[in-house]
Amino acid sequence: MEDEKGGDGQVSVLSSATMEKIDSGGKIDSEAKLIDVPVAMTTIDEDEATQEWSIPVTHLSEEEGERLAAVQAEKEDDDEEEYWEYEPGEKPSKANKKSEIDAIGSDEEDEEELEDRYEYEIEQSVAEFEDEEVIRRNTIPDSSDEDEDYFDVRNRKRQRSEDKLEVGTAFWSGFEFKEAVLDYALTKGRNIEQSRWDKTKLSFKCGIRGKCKWRVYCAFDQPTQKWLVKTRYKYHSCTPNGKCRLLRSPVIARLFLDKLREDNGLMPEKIQEQIKETWKFIASRNQCQRGRTLALKMLEKEYADQFAHLRGYVREIEKTNPGSSVVLETVGNAAKEDVFDRFYVCFEKLKSSWRGTCRKIIGLDGTFLKTEVKGILLTAVGHDGNNQIFPFAWAVVQAESTDTWLWFIKRLKYDLSLGDGSNYVLLSDSSKGLISAIQSELPNAEHRRCVKHIVENLKKKHKNKSFLKPRVWNLAWSYNKTQFKEELAKLQDYSMSLYDDVMKREPKTWSLAYYKLGSFCDDVDNNATESFNATITGARAKAIVPMLETIRRQAMVRIAKRRKKSERREEKFTKYVVEILKAEKEDADKCITTPCTHGVFEVRLGTSGYNVNTSRKTCTCGKWQITGIPCEHAYGAMIDAGLDVEDYVSDFFSTSIWRMTYSESISTVRGPRFWMKKGKYRLVVEPPEPTLGEGEKKKKKKKKKFPRKKGKNESPTKKNKKVVETIGRMGRIMHCSKCGEADHNAATCKIHPKKKIKTEPKDIGSSGAEV
């Protein structure tokens, strides 16, 4: 076939005999044959260069063309009637509404599409994953890991998304293609509708019915086992009208599924406003109401399904990742069902990499799940050679308490061979349950309390002290005891009340000057775990299995990305070390050094003097011993002595060790259709509403100092006693508003009877008007 210049070709169409049989109302039998009709290929106009049809326009006779067009139109009308249960603008019947809602969560629901939706949501979260930043030295962290709503960020990314509907684009499922078309409609503000739906073929066209030719066609490709975009007309000849025929209640349900997981109190009016504000589309109140109802029903089924098949998920991890620790614990209820209690996983590749290549630092934290079934996600995070986070264990529990932290730390202690905690550093907030669990299981570990949380607690009492943050943080960043005392004196001069409150919090337990040496970590906050919590914000809004799968796959992507970076890096040490040495060289060049014997130097910087010992890798400022990276004083001595500063950096920061950390990854896990099988494993029931954790005691109502006096119409005997515990009139003691007595009201009061007012009849004229 020739392109652009024109040429001859042919297309297969129905024969005339078959067409006559269609006109007479007969059915097409299996013997109906196709005939090849010669066609002429016309020159493609420049404006229509994107009309990438796989079949050329045919030159049929007028009669045959009309018949074929009628058959196609009839088929499209039938399809549309099936897809659109009612025309836009037409009032839907109650039966349609009920069937649409009841279909969700029933046996009629397409399980394969449900699995596709789970898979699509997980892949979207993994695709949006961005590698965490390096944890910087002596930098005050942000006040919160969730300053910006994750859903707003995701919607902005959706609006900036590239065109995914080019001819030849491949999709893993038809559901993924439909979501791509929806993305296009929302991004461009176009009215799109579905014109074809089949198990292997999907098509969409412009929803503004007229001469607009925009359309896209996708079909399952057998050789590649993927869905491929095969046909597309790229341009619209219509004007957006603020409507979208794709934006029906099931689509609204999917769009707001994550938000409703987090807050099921999101009302239809708010959904309607957000659709208008975010995508500039008009959605009716009824659509939003039905969408919300559908979403809540989907979530109800989702939670039950995901918890039910947790045992299958556990077995799949054990099969695909041998040596991994994965624990599912349940408790029995009155109905003799297994109710979910807690879940823990530590993959073999992650724990072996942490033990073999990372510093002995563990950040511990708990964060809330954003689902209807409330719970807590406990995490354990390490630091790699580039000082980036390295999550290696996580767990789901019902509440944060001493018992759950004790259980989690016992698991970590066994998996990581922590012993009594000697030579290990633990970073966390000041949770009483966590502190108690660490003291019980890891008594010899160095437990560093997060300074950020201490500052936040101090700010509650000292709101107007603008220098509170720098004073407290400088105290925490003191590398030696002399500097610590100087900063403490500055704090005392600034505010005596603040000084007293700081001393109550034992600053020696969270200042660098009193930390043990050998960890090569100068963190005084738990920013590593909070960075991880920010990464999994979207995952925490999903059902339990999709959440766990998202975290696992993000861990795989994290390993793959950093492995590529480490393999490309040619320098001896990581970028983190290079940036620190670059900053320290500015002061190192200003140092005046006096050499002594055995690698000892006297170094002066400004008016201060320091003792540097290159043989022992020490400096009296304390920074070198704590961080494992030469300080500015040691760097200055090395420059004057002609020594290579990189020979004195800890091997934990070397590129070779960093590369080893990401040399092995988590093994792949098969999809839910392989292990989410009914009858294979004993089902698990979702947990009830959790009890309040420690520090969350229910507030008692304070008694008023001066109680309110009762009025004359209020019962003098009725106090806190309730006759009937319900809202209503049953059991109430009726009191008269006139005399104050019980058992009657003002209308039947005998002491103050209601006076009857006599009225005279009005004169009515013949016209009906008053005279």
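No lab work stands behind these numbers, since they all come straight from the coordinates. Quantities reported herein were computed from a predicted structural model and do not represent experimental measurements. Here the Cβ is made from the backbone with ideal geometry for all residues, glycine too, and neighbour counts use every protein chain on show.
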Task: Length-normalised contact order of the range 383-471 in % [C-alpha pairs under 8 Å, at least 6 apart] - done: 25 percent
Task: Exposure proxy order (Cβ contacts within 10 Å, fewest to most) of 407, 197 - done: 197, 407
Open item on the list: What does the extension gain come out to for residue 462 and residue 648, with contour length at 0.36 nm per residue minus their alpha carbon separation?
Closed with: 62.6 nm
- [ ] Any of 336/374; 351/565; 226/349; 452/617 with alpha carbons more than 25 Å apart? Name them for me.
- [x] 226/349; 452/617
Open item on the list: If I take every Cα pair under 8 Å that is 6 or more residues apart in the range 473-579, average their sequence separation and divide by the length, what percent do I get for the relative contact order?
Closed with: 20 percent
Open item on the list: Could you tell me the calculated FRET efficiency between residue 269 and residue 414, based on Cβ-Cβ distance and R0 = 35 angstrom, to the nearest 0.05?
Closed with: 0.10
- [ ] Specify the inter-centroid distance of the range 358-388 and the range 396-414, based on alpha-carbon positions, in whole Å.
- [x] 13 Å
Task: Order of 463, 301 - criterion: other Cβ atoms within 10 Å of each residue's Cβ, fewest first - done: 463, 301
Task: the range 355-440, dipole about Cα centre (Lys/Arg Cβ +1, Asp/Glu Cβ -1), debye to the nearest 20 - done: 140 debye
- [ ] Using a 10 Å cut-off on Cβ atoms, rank the peptides 433-440, 185-192 from the highest mean neighbour count down.
- [x] 185-192, 433-440
Task: the range 463-517: relative contact order as a whole-number percent, Cα under 8 Å and 6+ apart - done: 42 percent
Task: Net charge of Cβ neighbours under 9 Å - reference residue 459; Lys, Arg +1; Asp, Glu -1 - done: +4
- [ ] In Å³ and rounded to a whole number, note down the convex hull volume per residue for the Cα atoms of the range 191-242.
- [x] 75 Å³
- [ ] May I ask you to work out the translational diffusion coefficient for the range 237-335 at 37 °C, viscosity 0.692 mPa s, via Stokes-Einstein with Rh from the Kirkwood sum over Cα pairs, reported in whole µm²/s?
- [x] 200 µm²/s
Open item on the list: Whole angstrom only: what separates the Cα centroid of the range 530-602 from the Cα centroid of the range 507-528?
Closed with: 17 Å
Task: Residues 370, 319, sorted so that the one with the fewest Cβ neighbours within 10 Å comes first - done: 319, 370
Open item on the list: Using Stokes-Einstein with the Kirkwood hydrodynamic radius over Cα pairs, what translational diffusion coefficient do you get for the range 575-653 at 37 °C and a viscosity of 0.692 mPa s, in µm²/s rounded to a whole number?
Closed with: 268 µm²/s
- [ ] Would you mind working out the magnitude of the charge dipole of the range 575-653 relative to its Cα centre, with +1 at each Lys and Arg C-beta and -1 at each Asp and Glu C-beta, to the nearest 20 Debye?
- [x] 200 debye
Task: Of 164/199; 370/460; 461/490; 410/459; 280/301, pairs whose Cα-Cα distance is over 28 Å - done: 410/459; 280/301
